[in-house]
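Visitor: Quick one: the structure is below, and I'll ask about it shortly.
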Amino acid sequence: MNSQKSWILRGYFDFRDRNGVQTCTQAIRDALSTAVGRQLSIGFFPAGPSLKHTFWWREGDAPFVEAQFILTIDQHCPVLSAGLSVEKGLADPKALSRPESERMDRETWDWQRLIDNLDHVLDSAVHNLELQLSLPLQLKTRVLGACDRKLVLAQSGLRTFSYFEGQWFERHNEPTGSQQIAEYLRDLDEKQDHWVDLYLVVDLDPNSADSMTPGEVANILAAFDRLRKRLRGRS
């Protein structure tokens, strides 16, 4: 099954008409596993029988520990985002009321290596990805604060930065720079009671994504593997 622009316009992936054949996400897993030389598993959100809008491919079973390949339908505009996802967990003592999977261990979570490698990620890594994919890069953050045993969207919790022709921009703002973005991410890193979803992706409009084969999607994701390996501590 190839990707369909109707998924992006509706806001969720729909595999109900697959007639028992391998789903698109399973085929992406197999092609991506071959491309990166690692057996990958599939994660998705939301859980259960609900219609899914986000899929991850990762090496381990823990849902948030590692830098993961991600394919997600944007919540606010009809685009398909493909690339890497890195999560910052909760480190505040109050996080003990949250599920254990959400409590960050800096010794094992790849978020720490992201913070340690921000200069590389925001400069040479994105530059090389833009050249390789011939597409602008998007860095999207979604920040959630812990409140009464719930995670709620923090004030100014959604930000998007675009890397285009060697320059960083922020939506509805003047051009910015890698150092300003790095300062913003380091500030988030210090907020122990905040959860952060960070996506480094390319955005595909419905027409561009329509009828893409699983192999074509896997090729886009595989372009991020060199950076993923660095964040996994293997470069």
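Visitor: Keeping to region 29-88, report how many residues are more than 25 Å from LEU188 (Cα to Cα) and of a type in the set (Ser, Thr, Tyr).
Guide: Looking only at that region, the number is 4.
Visitor: Would you kindly identify the strands (runs of 3 or more DSSP E) lying entirely within region 74-193 that contain at least 3 residues that are under 28 Å from LYS229 (Cβ atoms), hydrophobic (A, V, I, L, M, F, W, C) and at pLDDT 90 or above? Give the steps one after another, and end with the answer.
Guide: Numbers: elements: 80-88, 137-147, 150-164, 167-170.
Result: 80-88, 137-147.
Visitor: Right, here's the next one. Among the residues of region 185-214, write down those that are within 30 Å of MET104 (Cα to Cα) and exposed (fewer than 15 other Cβ atoms within 10 Å of the Cβ). Talk me through it step by step, then tell me what you get.
Guide: Filtering region 185-214 down to residues within 30 Å of MET104 (Cα to Cα) leaves 185-203.
ARG186, ASP187, GLU190, listed by residue number.
Visitor: Further question: Just to be sure I understand, how many residues within region 47-79 are touching a His at 6+ places or on another chain (Cβ under 8 Å) and not β-branched (Val, Ile, Thr)? Spell out how you get there, then give the answer.
Guide: Narrowing region 47-79 to residues touching a His at 6+ places or on another chain (Cβ under 8 Å): 72-73, 75.
Then drop every residue that is not not β-branched (Val, Ile, Thr), which leaves 75.
The total comes to 1.
Visitor: Given the structure, is LYS52 among the basic types (Lys, Arg), in contact with a helix residue (DSSP H, G or I) (Cβ under 7 Å, 6 or more places away or on another chain) and either crowded, with 22+ Cβ neighbours inside 10 Å or at pLDDT below 95 (or both)?
Guide: Details: among the basic types (Lys, Arg): yes; in contact with a helix residue (DSSP H, G or I) (Cβ under 7 Å, 6 or more places away or on another chain): no; either crowded, with 22+ Cβ neighbours inside 10 Å or at pLDDT below 95 (or both): yes.
So LYS52 fails the test.
Visitor: May I pose another question? Are there any pairs with C-beta distances below 6 angstrom linking a residue in region 182-206 that is under 17 Å from CYS77 (Cα atoms) to a residue that is β-branched (Val, Ile, Thr) and surrounded by 16 or more Cβ atoms within 10 Å (Cβ to Cβ), with the two at least 6 apart or on different chains, and if so which?
Guide: From region 182-206, the pairs are ASP203/VAL79; ASP205/VAL79; PRO206/ILE8.
Visitor: How many residues are closer than 18 Å to ASP110 by Cβ, among the hydrophobic types (A, V, I, L, M, F, W, C) and not in a loop (DSSP other than H, G, I, E, B) when one looks only at region 39-60?
Guide: Of the residues in region 39-60, 2 are closer than 18 Å to ASP110 by Cβ, among the hydrophobic types (A, V, I, L, M, F, W, C) and not in a loop (DSSP other than H, G, I, E, B).
The values are calculated or read from the model by the stated rules, or taken from the named source; none is laboratory data. Model, not experiment: these values are computed from the prediction. Every residue, glycine as well, gets a Cβ built from its backbone with ideal geometry; the counts of neighbours run over all protein chains shown.
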